[in-house]
1. So what's the angle, to the nearest 10 degrees on a 0 to 90 scale, between helix 122-134 and the longest Cα principal axis of the chain?
2. Measure nothing but the geometry: give the 0 to 90° angle between the long axis through the Cα atoms of 88-100 and the longest principal axis through the Cα atoms of the chain, rounded to 10°.
3. Count the net charge of all other residues whose Cβ sits under 15 Å from the Cβ of Ala41, scoring Lys and Arg as +1 and Asp and Glu as -1.
4. Using the Karplus curve 6.51 cos²θ - 1.76 cosθ + 1.60 with θ = phi - 60°, work out ³J(HN,Hα) for each residue of the stretch 196-202 in order, rounded to whole Hz, and write x for Gly and Pro.
5. ³J(HN,Hα) across the stretch 27-42 via Karplus (A = 6.51, B = -1.76, C = 1.60, θ = phi - 60°), whole Hz, x for Gly/Pro?
6. For His468 and Thr279, what does the FRET efficiency come to when R0 = 41 Å and r is the distance between their Cβ atoms, rounded to the nearest 0.05?
7. Calculated from DSSP H runs of 4 or more alone, at -39500 (n - 2.57) each and per residue, what is the 222 nm mean residue ellipticity of the chain, nearest 500?
8. Round to the nearest 10 and give me the degree value, 0 to 90, for the angle of helix 357-368's Cα axis relative to the longest principal axis of the chain.
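Bear in mind these aren't lab numbers, they're just calculated from the coordinates by the rules spelled out. Here the structure is a predicted model, which is why all the values come from computation and not from measurement. Neighbour counts run over all protein chains shown; Cβ positions are idealised from the backbone, glycine included.
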Amino acid sequence: MDKHAFNNEIIEKGLDNTPFAPQLIKAFNALEKGDIRQVAAIAQDTLKSDNQVPQAHYLLARVAIQTRQLDIALRGFIRATELDPTVADYWAFLALVHSQTGNMPAAEISVKKALNLNSEKAHVLRPMAHVLSLLGQLEEASGLLNKAVEKSPQAAIYHHALAVNLLGLGDFQGAQRAIQRAIELNPYYAESRWILSSLIKAEDNGMANELVLLMNTPNMPDIEKAYLGYAAGKLFEDTQHWQQAFSAFEQGAAAKRRLLHYDRNEARRTFDTLRRVCTKDWLNNKTNVRHDATPIFIVGQPRTGTTLVDRIVSSHSQVHSAGESVQLAMSLRAMSGVRTKEFISAELIEKAKQVSAAELARSYLTGVDKVKGNTPYFIDKFPMNFMLLGFIVKAFPNARIIHVTRNPIDTCFAVYKQLFEEVYPHSYDQTEMAEHYVMYRQLMAHWHAVMPGKIIDIAYEDIVQDNHSSAQKLIKDLGLEWEDDCSAFEKNNTAVTTASAVQVREKVHTSSVGRWKKYEQQLAPTLNILQKAGVI
């Protein structure tokens with residue numbers, strides 16, 4: 001954060017003559033230091049005395065972001081903008097929270113208001129850039145982040161944000177320079193170490209061993225341990241030190257799991273509810289849906305080639321990729337009034353079964369309007385949409401659905417060794433991962449049974465072994481004319497913001513096929529569950 005930026009704002013607005021100024025300055029300084037308890041205490045005390053102080057609403061909302069209380073954050077930022085619409089900070093963070101709750105139209109409106117206020121503050125430019133990147137405007141986001149780096153060149157966080165943005169744009173050299181600068185400024189910036197590991201190929205174990213030592217530093221926070229573990233695991237894989245790689249992944253996964261809420265019984269209840277609610281009769285209860293939209297949904301498990309398929313199909317002139325949108329689930333949550341911790345829950349399915357398909361389609365299309373492009377078809381490639389295929393078909397009878405499959409053990413291991421943000425909480429424990437995979441397979445069998453012929457299955461192994469033939473068949477199955485660009489997808493220059501940003505710009509290869517065999521002994525818990533379920 002820019003030191004003294006808020007202090008100056010308080011003085012500029014004449015609040016330095018109010019009884020709240022000293023406490024507000026103290027709160028902003030505490031925010032700069034990460035002392036959110038002090039920030040919350042001061043903001044709450046201020047609002048008890050006078051609930052018309054926009055800075056106090058803003059401060060409380062900033063605390064709510066960090067504690068993942070997004071509803072509270074949203075209310076706070078909205079109130080701050082109502083009380084004073086001339087502060088870019090309020091609009092920038094309001095845009096950020098709108099994006100985090102899946103309301104991209106509102107996020108776009110808010111970020112435009114922030115942009116129009118021409119803030120020069122690095123800590124404001126960063127959330128603005130993040131929202132622009134989610135809207136597909138990565139070039140514009142890079143401009144803001146370059147400005148943030150200029151304004152605060154000694155702050156590692158802005159170099160890190162710039163690196164992530166350049167990674168999405170495919171500028172790997174620029175991303176590596178930016179992330180290395182972030183590490184120079186803060187050698188303990190674990191997330192930067194993790195990003196760097198994806199950009200390089202280790203020739204020895206020097207860096208990996210350094211990360212393991214750092215990970216085992218006393219009192220190292222779990223989130224830092226997670227980043228370091230996954231980074232070290234990847235680097236050990238580069239040098240084919242498989243045992244050390246798995247140990248690092250395992251430590252990283254355990255650290256991440258301690259930070260997450262995941263209830264296996266609740267997950268089972270959700271999958272059971274989906275099969276009970278989304279029957280053939282429910283699907284055949286047609287509603288009056290009138291629109292010309294023809295989305296292509298790419299679903300399956302993460303790390304199975306969904307991004308690869310997205311790049312193949314979006315290389316076609318008639319198709320645009322909207323990326324990994326969570327809009328469908330967010331629309332269902334908003335329309336049904338469900339606020340469960342689980343993104344997709346049994347409660348959501350029960351309440352959403354009566355949602356109007358026409359209204360769901362309208363809500364979804366409004367939400368993705370700014371990212372779906374202007375081509376006749378657009379892709380939504382959020383893998384977890386496999387859970388909502390019944391709702392997709394009801395809202396979009398003409399939708400194309402591509403289900404990407406992969407060897408079950410390769411899938412489970414690929415997901416287990418990947419660090420995600422807030423999604424896939426089941427993926428950090430072998431037992432939970434394997435059980436979830438079994439439930440996924442059972443649900444996909446259900447969808448095939450109740451909507452026969454609606455889902456196009458394509459295997460990852462087929463794509464990497466014979467890319468041209470697989471791409472041709474897929475394009476034909478989608479009802480499109482073949483275009484040669486679809487088998488030269490690595491030349492596709494559109495942005496990629498998923499964990500596959502590096503891999504999808506390479507030519508296809510089979511090096512990941514059967515990778516699990518290097519870890520057969522360590523993966524015994526996974527193998528046991530898959531074998532008992534008859535999956536392998």
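1. The angle comes out at about 20 degrees.
2. It works out to around 20 degrees.
3. Working: positive: Lys26, Lys33, Arg37, Lys48, Arg62; negative: Asp35, Asp45.
In short, +3.
4. Karplus-based 3J(HN,Hα) across the stretch 196-202 equals 4, 4, 7, 9, 10, 10, 5 Hz.
5. Taking θ as phi minus 60°, the curve returns 5, 5, 5, 5, 4, 4, 8, x, 8, 6, 5, 5, 4, 4, 4, 5 Hz for the stretch 27-42.
6. Values: r = 40 Å, r/R0 = 0.97.
That pair, His468 with Thr279, gives E of 0.55.
7. Numbers: 27 runs with 316 residues, N = 536.
Calculated at 222 nm, the ellipticity per residue is -18000 deg cm²/dmol.
8. On a 0 to 90 degree scale, this one is about 60.
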